[in-house]
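> There's a structure below that I have some questions on.
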Amino acid sequence: MGNSNKPKYVSVPALAPIGEFTGILRQAWDSRVLTHNGPLVQLLEKKVDQYLGVRNTVVVTNGTIALQLAIRALDLTGEIITTPFTWVATASAIKWENCTPVFVDIEKDTFNIDPEKIEAAITSKTSAIMPVHVFSNPVNIDRIEQIAKKHKLKIIYDAAHAFGVSYDGKPVMEYGDISCTSFHATKIFNSGEGGACFSPDSEVTRRLKRLRFFGHNDQKEIVEDGLNGKMTEVHAAVGLANLPYQDAVAEKRKRIFEIYFNKLNKLEGVSFQKFKPDEYNCSYLPLLFPSEKICIDVMEELFKSNAFPRRYFYPSLNTVKAVGEYIPMPVSEDVSKRILCLPSNNDLSFEDVEQLADFILQYFKAK
Ligand SMILES: Cc1ncc(COP(=O)(O)O)c(C=O)c1O
């Protein structure tokens, strides 16, 4: 299917021409500075600041460590309220910081944590809310901030998917006590592995920098328990090479999304995530099917055609024994069984995408 026989994956890293990467990397080779907050890491922080319109980018090794550092930087303890409809890293970061993830069910159309169910989950042990902007779709930030303020809770946004997204005209990374993102190879902006924390509070920013560097302060004194969260110069070089292409990458994702949307939007039985077009980076293509059986059937038919959608996020984390005890989350469990993310990477041609969408149309016509 499509104009090439290449397998069509959900995500393939968008990469700058290799010469641009090696050109930047040469600086690290020549200087022998490969890590320790080197000049490329500092430059990447500055460039991400400029690109996103923020001031406090703190780049780290990956998005999971970003979440762990955020929990540490805010001295969180006890219970942290989050969503079961997310990548396991959200919950495991909470657990690695000796806190307990408390799941709150999601909204059936936005796939985000349901703010109206949060208050019922707050106990005397709750220290924070950690919502996820699922597939880049911002949660109802106004409502969540209201609840957090009323109950004196901190907010960490898991914005792993939301690079480049705004909420109410302001970069989404500027909300919360801390926002965290991922620059993993599968993300719309990537540095291979990588991530970042953003805080509006300069004291918290200073602490994040200290924590990612073994707890050393600017005078290199050890002032608290930190960890090694430093991004290497090699990864920073990947990010610096890719960043100038980010507008083009984002534009292509939008176009791919539009093709799928225009073809499948009116198809009875499937639905898209509810989103605001100007607050969405189109980096994922989640499609909700009428039943798990149809969802799996479509996936297997696509596999036969060398296209590889993913059941993402599946399973709902409240059902995963390794994460915690089972507590029913009917909406998340239902959505996670019926959802597929379709191939939407930047290597796809528009013709590939048209054919993938037609394939799904044909599937339903034949039923
Ligand atoms: C919602 C969410 N949170 C956190 C992460 C963790 O990011 P990373 O893979 O960079 O550790 C990911 C991605 O993998 C994610 O999708």
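The values are calculated or read from the model by the stated rules, or taken from the named source; none is laboratory data. Note that this is a predicted model, so its numbers are computed, not measured. Counting neighbours? That spans all protein chains shown, and the Cβs are built from the backbone with ideal geometry, glycine included. These accessible areas exclude ligands, DNA and RNA; they are computed on the full protein's heavy atoms, side chains included. Shrake-Rupley method; radii C 1.70, N 1.55, O 1.52, S 1.80 Å.
> Out of the residues in segment 146-170 that are over 15 Å from the mean Cα position of the chain (by Cα) and farther than 17 Å from LEU76 by Cβ, which is surrounded by the fewest Cβ atoms within 10 Å (Cβ to Cβ)?
GLY169
> (1) open to solvent by less than 20 Å² (accessible area, probe 1.4 Å); (2) out of contact with any Phe, Trp or Tyr (no Cβ under 8 Å at 6 or more places or on another chain): which one isn't true of THR86, the others all being true?
Of the numbered conditions (1) open to solvent by less than 20 Å² (accessible area, probe 1.4 Å); (2) out of contact with any Phe, Trp or Tyr (no Cβ under 8 Å at 6 or more places or on another chain), the odd one out for THR86 is (2).
> Can you give me the number of residues within segment 116-136 that are among the hydrophobic types (A, V, I, L, M, F, W, C), under 13 Å from the mean Cα position of the chain (by Cα) and more than 10 Å from the ligand (Cβ to nearest atom)?
0
> So which pairs qualify, if the first residue must be in segment 290-316 and outside any helix (DSSP H, G or I), the second must be aromatic (Phe, Trp, Tyr), the Cβ gap must be under 8 Å, and the two must be at least 6 apart or on different chains?
SER305/PHE359; ALA307/PHE359; PHE308/TYR9; TYR312/TYR284; PHE313/PHE85; PHE313/TRP87; SER316/PHE85
> Does segment 178-200 include one or more residues that are in a helix (DSSP H, G or I) and modelled with pLDDT of 95 or more? Give the derivation first.
If we filter segment 178-200 for residues that are in a helix (DSSP H, G or I), which is where we start, we get none.
Looking through segment 178-200, none of the residues is in a helix (DSSP H, G or I) and modelled with pLDDT of 95 or more.
> How many of the residues making up segment 89-100 are over 23 Å from PHE275 (Cβ atoms), surrounded by fewer than 24 Cβ atoms within 10 Å (Cβ to Cβ) and either within 18 Å of the chain's Cα centre (by Cα) or not assigned by TED's automatic domain parsing to the domain that holds THR181 (or both)?
Qualifying residue count for the region: 1.
> Kindly indicate which of TYR260, TYR245 is surrounded by fewer than 20 Cβ atoms within 10 Å (Cβ to Cβ) and in a helix (DSSP H, G or I).
Values: TYR260 fails: surrounded by fewer than 20 Cβ atoms within 10 Å (Cβ to Cβ).
The conditions single out TYR245.
> For SER283, are the conditions met, namely being surrounded by 21 or more Cβ atoms within 10 Å (Cβ to Cβ) and polar (S, T, N, Q)?
yes
> Another question, then. So which residues in segment 305-321 are within 29 Å of VAL12 (Cβ to Cβ) and not charged (D, E, K, R), if there are any at all? Break it down stepwise before answering.
First pass over segment 305-321, keeping only residues within 29 Å of VAL12 (Cβ to Cβ): 305-317, 320.
SER305, ASN306, ALA307, PHE308, PRO309, TYR312, PHE313, TYR314, PRO315, SER316, LEU317, VAL320 - these are the residues of segment 305-321 that are within 29 Å of VAL12 (Cβ to Cβ) and not charged (D, E, K, R).
> Here are some residues: ILE147, ILE94. Which one is in contact with a strand residue (DSSP E or B) (Cβ under 6 Å, 6 or more places away or on another chain) and outside any loop (DSSP other than H, G, I, E, B)?
ILE94 is the lone residue from the list that is in contact with a strand residue (DSSP E or B) (Cβ under 6 Å, 6 or more places away or on another chain) and outside any loop (DSSP other than H, G, I, E, B).
> Then there's this: In segment 172-186, how many are within 14 Å of the ligand (Cβ to nearest atom) and either of a type in the set (Asp, Glu) or surrounded by fewer than 24 Cβ atoms within 10 Å (Cβ to Cβ) (or both)?
Within segment 172-186, residues that are within 14 Å of the ligand (Cβ to nearest atom) and either of a type in the set (Asp, Glu) or surrounded by fewer than 24 Cβ atoms within 10 Å (Cβ to Cβ) (or both) number 3.
> Which pairs have Cβ atoms under 6 Å, sit 6 or more apart or on different chains, and link a residue in segment 110-122 that is buried (at least 21 other Cβ atoms within 10 Å of the Cβ) to one that is hydroxyl-bearing (Ser, Thr, Tyr)?
From residues that are buried (at least 21 other Cβ atoms within 10 Å of the Cβ), the pairs are ILE113/THR83.
> Still on this structure, please answer the following. Please count how many residues of segment 46-83 are open to solvent by less than 10 Å² (accessible area, probe 1.4 Å) and within 12 Å of the ligand (Cβ to nearest atom).
The number of residues fulfilling the criteria is 8.
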